[in-house]
1. In whole Å, what are the Cα extents of the stretch 381-478 along the three principal axes, biggest one first?
2. Name the GluC sites (Glu not before Pro) in the stretch 127-173 that are in a loop by DSSP and that have at most 16 other C-beta atoms within 10 Å, would you?
3. For the chain, give the magnitude of the charge dipole about the Cα centre (Cβ charges: +1 Lys/Arg, -1 Asp/Glu; no others), in debye to the nearest 20.
4. With the cut-off at 44 Å, report for the chain the share of all Cα pairs above it, as a whole percent.
5. Stick to Cα atoms and the Kirkwood definition of Rh, then tell me Rg/Rh for the stretch 38-370.
6. If you place +1 on the Cβ of every Lys and Arg, -1 on the Cβ of every Asp and Glu, and leave all else neutral, what size is the dipole of the stretch 165-311 about its Cα centre, to the nearest 20 Debye?
7. Summarise the long-distance tail of P(r) for the stretch 66-129 by giving the % of C-alpha pairs beyond 16 Å.
8. Could you state the angle between the C-alpha long axis of helix 189-201 and the longest principal axis of the C-alpha atoms of the chain, as a value from 0 to 90 degrees rounded to the nearest 10?
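FYI, it's all coordinate maths here, none of it is from the lab. The shown structure was predicted, so the numbers you read here are calculated from the model rather than taken from an experiment. Methodologically, a virtual Cβ is constructed for each residue, glycine included, from the backbone with ideal geometry; neighbour enumeration extends over all protein chains shown.
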Amino acid sequence: MASISVLLRFVLIILAIVFPARLRAQTKEPETMKELQIALRKVLKETGTPAVGLAMVQGDSVLLVTGMGKADLGKNRDADENTMFRIGSVSKMFASLAILKLQEEGRVSLKDKVRDLAPDVAFVNPWEDDAPVRVEHLLEHTTGWDDLHLADYALNDPELSLKQGLDYHPHSRTSRWMPGTRMSYSNSGPPVAAYIIEKITGQTFEHYIQEHFFSPMGMETMTYFATDLYKRSGATLYLENKPQKYWNISVRPSGSINASAKDMARMLGFFIQRGRVDSLRILSEKSLERMEMSATTIGAKQGLEYGYGLSNYSSPYKSYVYRSHGGGVNGGLTDFSYLPDHRAGYAIMINSGDGNALYRIQQLVRSFQTHHLKSDKTIRSDSSAFVPDTDINGYYTLINPRIQAGDYLDRIINVQHIWGKGKFIFSSNVFGRGVETYQAITDHQFISNQTGKISMVKAYDPVAGDVLQADTQVLKRVSPVVAFGRLILLGLWTCYLIGSVIFGIIRLARYRMGKAGRLTHQTIGLWPVIASLLFICASIMASIGGKDPFELLGKISFVSVSIMALTIGFALATAWSVIRIALERKTMLSRNIYIHIGILTALHLVVACYLLWHGVIGIQTWN
């Protein structure tokens, strides 16, 4: 759930490009429960994941409820079905369930304006008169709001009320585009919906959920708080084998629930039995169907069948489309998924921040759960020969970033190439990796070759114009010059950045040995090297801060202040480099060296201006 600094985001994206194969590690597909359990233990061992909590449900039967591995390495405590894990953003599902229950009772509507229901909650929407923020936008993440800022995550105060959490740092709640058009995952929205629930019911959100969901559903230990039971039986969370302190998110409805595998089996049963637990109906099937449907985006209005519903998203696997939600806190990851039509589902919880481990476990469980099922692929008789007239060939960039502070990098790295051949449409990243295949069924609708469902559409965005929406991504076409020009400049600048530091070290060594002449003649090249060093130091500080982002980046600290100072220093050193190179055009320096220094300075200037425009220069990660 935690957002990261923009400079750290650069490091993570580069690593994801360089090492993509690690996220696709494959394990033999199990066909029996014994084979599954053996394979799961193998994943735990190979990835160094301490423990997993797992629940699997089929129809009215619980197939497996278990804990494997060590809940606490220090105490050598084994995990079992009662071990409680932190399920992170899966918690959001209860905010949506509660709103739907109150809507059934006629006490609220998904179409209600948030401003009318909670006028004391601060948010900014430039389109409020014509496109107000509505309750359904909070839960479908279509408010246009940024994700929570690091300052929100760093608060970590268990005594805060929900309203105090909302009031602490409201800066993320500004609509960046017209509400009800683009989906962008934001932890800012669901807690506002939860506060509306508090105002309607007169109860705290946590008490309402306990009374109307946890208790009736038979989830005896599920809680939003670090209870005494959790302290005794909760799994210790680990990042890089280091135990993590308990984190109290400032807005609990977005991600604070602690639950055991036994609790999660009951929760799965509720969704699989379509709103019932045993003979008790808690919610209507119609409400669950709305929860599982994306309705407010421009893509949904064009028939898109993939997407994020009310705290519930589509997750394709082979020919199947799970309804799902994931969750993550420092040192803990969760995957909650189910197949409504097959009445099957699972919940996976690990006490590790290793996404590769969760992915491998997920693939094992999904393979086991679906190997005996009939294919779910939708066959469309009208799609066999349709060739679209519309031209969508080109390069596209994402225009609905989750974290606005990282948009500057998304525009460079996350470029997609989309092209058509006959009735087929293909999509990949700009490097040609991760090719996905679609088939046109109309000029604006394209089905997944895997599931047969409409997974990409052409739509009109009231702010950006013609766009494509693929699942939750909204893509705007850019010219090849822009798509490749940014990447080429980034690559060239990176080479010159590293080269300048190496060159500077060599020149300094030669000077110390008396082989480089007077240092005063070299100062024209000194300032670009200083600029390079300052930027590298800022990146190193961001990487250090990423190991504990809440404390080191979300608060004023040596690391966060250093990042601010170093990025300012980079911009100032770059500006001074430009001045020096202009003033000393007739220096005795070698012409070839002068040219290279000029290129480096020009590249630094382009990067500094770009980062300044996007607010990275002088960034205050604690705001």
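1. 45, 31, 22
2. Numbers: sites: E128, E136, E140, E159; in loops: E128, E159.
Here the GluC sites (Glu not before Pro) that fit, given the DSSP loop and packing criteria, are E128, E159.
3. Numbers: 66 positive and 54 negative charges, 497 e Å.
With only Lys, Arg, Asp and Glu charged at Cβ, the dipole is about 2380 debye.
4. Values: 46523 of 193753 pairs.
That fraction is 24 percent.
5. Details: Rg = 19.0 Å, Rh = 20.0 Å.
Expressed as Rg/Rh, it is 0.95.
6. Values: 17 positive and 13 negative charges, 53 e Å.
It works out to roughly 260 debye.
7. Values: 1383 of 2016 pairs.
Tail of the P(r) past 16 Å holds 69 percent of the pairs.
8. 40 degrees
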